[in-house]
1. Output the number of the condition that residue B:91 fails; it satisfies all remaining conditions of (1) surrounded by fewer than 22 Cβ atoms within 10 Å (Cβ to Cβ); (2) in contact (Cβ under 8 Å) with a residue 60 or more places away in the chain.
2. Looking only at the range B:142-155, decide whether some residue is away from every other protein chain (no Cβ under 14 Å) and buried (at least 20 other Cβ atoms within 10 Å of the Cβ).
3. For the range A:118-133, give me each residue that is out of contact with any Leu (no Cβ under 6 Å at 6 or more places or on another chain) and closer than 26 Å to residue A:192 by Cβ.
4. Out of all the residues in the range A:228-243, is one or more of a type in the set (S, T, N, Q), crowded, with 19+ Cβ neighbours inside 10 Å and within 26 Å of residue A:22 (Cβ to Cβ)?
5. Could you identify the single residue in B:125, B:109 that is more than 14 Å from chain A (Cβ to nearest Cβ) and surrounded by fewer than 16 Cβ atoms within 10 Å (Cβ to Cβ)?
6. Do you know which residues across the range A:218-227 are crowded, with 20+ Cβ neighbours inside 10 Å and either within 18 Å of the chain's Cα centre (by Cα) or under 21 Å from residue A:275 (Cα atoms) (or both)?
7. Of everything in the range A:142-157, what is touching a Leu at 6+ places or on another chain (Cβ under 9 Å) and not in a strand (DSSP E or B)? Give them in sequence order.
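The values are calculated or read from the model by the stated rules, or taken from the named source; none is laboratory data. Everything numeric here is computed off the predicted structure, so don't read it as measured data. Please note: Cβ atoms are built from the backbone with ideal geometry, for glycine as well, and neighbour counts cover all protein chains shown.
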Amino acid sequence: MIEFERVTKRFGSWTAVDSVSFTVAEGEFRVLIGPSGSGKSTVLRMINRLIPADEGAIRIDGEDIASLKPEELRRRMGYVIQSVGLFPHWTVERNIATVPGLLGWPKARIRDRVTELLELLNLDPRRYRGAYPHQLSGGQQQRVGVARALAAEPRVLLMDEPFSALDPITRASLQTELSAIHRRTGTTIVFVTHDMDEALRLGDSIAVMDHGRLVQCATPLEILTHPASPLVRDLVGREEWGLKRLAVETVGDRARRQESVTGEPLAAETPLHRALSEMVARGTERLPVVDGDGRPAGVLHLSDLVRPASGGAASSGPAASGTA
Amino acid sequence: MTGAGMAPRELLTDRLMLGLVALVALVLGMPSLKPLFATLFPRLDRPLYEAESFVSLTLDHMALVGLSSLAAILLGGGAGIAVTRPWGREFRGLLETVATMGQTFPPVAVLALAVPVMGFGAEPALIALTLYALLPVVENTVAGLDGVPAAVLDSARGLGMGPAAVLFRVELPLAAPVILAGIRTAVIINVGTAAIASTVGAKTLGLPIIVGLNGSNQAYVIQGALIVAALAVVIDAGFDRLAGWLTRWSQR
């Protein structure tokens, strides 16, 4: 668990972070979003003390990080940055082994862990273990960057716009893999981005920052349907609002459980915008749904995409909640 | 790459091997070139420098260059590292000024000033050469460390490396090619400048050159100069090899 209590950071006369308080729960995927200069990266870099806080307290699992040695604190956290920052003179294996090496793990354990991580990030260990960073594509480099951050099984993973420099296809596949890794490992993730689509897609919760202040901290659904300020509404954007709205809920949320219908089923965790796309592609208004074990889990109706069966207020459009 | 594993063609085109062969041949074989110099300079009574053996002159020359370069590397490298640390940043301008002065000062003037204090011999020469080699080492150490990408440093710190680990495992290996280029410049300059040190009584390959200049004996000058040149070629080629080895990771 990460707690910020009235944390302030000034650079000269400029207040980068202004009395910010928030909590990230154990295992939560928290996205920090905001315009340039909003203080989101500063907040992230204060968590591992790359930037010291001027005022307030930052606690990890109840322990004030100011009482820990910075190096030891950082070795307990993964750290991924936009420009990757792989060590160019080290092989992929040695890069990934950085933190386990600092922690003094035995060689055999490090080697097994590197293999495991390369496989987790879909890089063939035989091919990439001995490669140097300059021999890899940008996407492969960031896969290694993520593997390096995860190497010592950190409880917290800090990511500063890790996928912003990648092409859209590579970015999408890394987002999918990161979600899967988060589900599998239960690592607490703090993820900085300026891309609201990425935030909506990845976050369990989204903290919006502006001018060093926390503007809103809520679930993706809440951010979409009840933006707390014009800035949040602008970040979400009006374009394709409906599809974004669908993307934050899954097929399982809206399926009619008692019904059944024939056809190629959709998994319950499929986002609703994909289901809509599938309906258009197949020319149908009803799709069968299966749960994680492949058992029938009901039927999704086109009409339920437009109007959820329950909690109707939640689906109100972007104009309903304010001045837009 | 070792000499034993090389094909004959490579042996003939390898600068390091060729230079070494030429150097050893010149140093050991100079006495047997006496008839040649006698033919070239028929008016000279003594066509071969024989006051000292070329072997001992060469060894002394190399020792002087080696010691002064080592001192410059330790001092200049250490100072270059210090002014790129957070606690030493303020001294960066001062260091660069001092190093530049060290190099713009003519070595002969340093020698002339050092002699009254230290007397004749190798010591004033050592001081002058060390000062002279300082600038390229300092400049390239600072430039090399400055050139380490910020993202690499950020991730090194972010992953939990301490200051010493960041310096020795990340910064210095990445800055090594640039630092080495500075050391290479310093050493090559010193191979030439060390010859001048014979004016204050240091025993170097400059001795036959200076004696030759004073006594209008061109043969002496040529003999000393040839070996100095061969020595410079060998050292330069050696640095080439070392630079390739240091950056072998980037060539895969």
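1. (2)
2. Let us first name the residues in the range B:142-155 that are away from every other protein chain (no Cβ under 14 Å), namely B:142-143, B:145-146.
Okay, now just the ones that are also buried (at least 20 other Cβ atoms within 10 Å of the Cβ), so B:142, B:145.
Checked against the condition, which is being away from every other protein chain (no Cβ under 14 Å) and buried (at least 20 other Cβ atoms within 10 Å of the Cβ), the range B:142-155 yields at least one hit.
3. Scanning the range A:118-133 gives A:118, A:120, A:121, A:122, A:123.
4. No, every residue in the range A:228-243 fails to be of a type in the set (S, T, N, Q), crowded, with 19+ Cβ neighbours inside 10 Å and within 26 Å of residue A:22 (Cβ to Cβ).
5. Working: B:125 fails: surrounded by fewer than 16 Cβ atoms within 10 Å (Cβ to Cβ).
Matching residue, one of B:125, B:109: B:109.
6. Here is the first cut: in the range A:218-227, the ones crowded, with 20+ Cβ neighbours inside 10 Å are A:220, A:223-225, A:227.
Answer for the range A:218-227, where residues must be crowded, with 20+ Cβ neighbours inside 10 Å and either within 18 Å of the chain's Cα centre (by Cα) or under 21 Å from residue A:275 (Cα atoms) (or both): A:220, A:223, A:224, A:225.
7. Initially, the range A:142-157 is screened for residues touching a Leu at 6+ places or on another chain (Cβ under 9 Å), giving A:142-152, A:157.
Hits for the range A:142-157 are A:142, A:143, A:144, A:145, A:146, A:147, A:148, A:149, A:150, A:151, A:152.
Table: residues versus (1) surrounded by 19 or more Cβ atoms within 10 Å (Cβ to Cβ); (2) closer than 30 Å to residue A:227 by Cβ; (3) not small (Gly, Ala, Ser).
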| position | (1), (2), (3) |
| --- | --- |
| A:34 | yes, yes, no |
| A:37 | no, yes, no |
| A:44 | yes, yes, yes |
| A:59 | no, yes, yes |
| A:64 | no, no, yes |
| A:77 | yes, no, yes |
